Amino acid sequence: MLLLLSISLSLDALAVSVAYGLKSTHITLAAKLVICIISIFYFSISVWLGDQISLFFSADTARIIGIVLM
């Protein structure tokens, strides 16, 4: 599941990068760092919440919840 989340974040970033590249929009280094920090933050929170939720549900139920949320 962690791999799927990583891939989805990467594909989202790729799509945005291509869109900005086609429009010749330049993103400053500071803006890139802010985007990176926010992505890491949300990714970390997702992993932590997944660990917390797994304490209350079985692995199968947690997997179904994850699929529904995706």
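The values are calculated or read from the model by the stated rules, or taken from the named source; none is laboratory data. Please read these numbers as outputs of a predicted model, since none were measured by experiment. Ideal geometry is used to build each Cβ from the backbone, glycine not excepted, and the neighbour counts take in all protein chains shown. Note: accessible area is taken over every heavy atom of the protein model, side chains too, but ligands, DNA and RNA are not part of it. Shrake-Rupley method; radii C 1.70, N 1.55, O 1.52, S 1.80 Å.
Quick notes on this structure:
- Pair list, Cβ < 7 Å and 6+ apart or interchain, from the range 8-30 residues that are under 19 Å from TYR42 (Cα atoms) to residues that are surrounded by 10 or more Cβ atoms within 10 Å (Cβ to Cβ) and of a type outside the set (Lys, Arg): LEU9/SER39; LEU9/PHE43
- Qualifying positions in the range 11-37 - open to solvent by 90 Å² or more (accessible area, probe 1.4 Å) and assigned to a loop (DSSP other than H, G, I, E, B): LYS23, SER24, HIS26
- Matching option when the condition is assigned to a helix (DSSP H, G or I) and open to solvent by 90 Å² or more (accessible area, probe 1.4 Å), among ILE53, ILE7, ILE40, ILE45: ILE40
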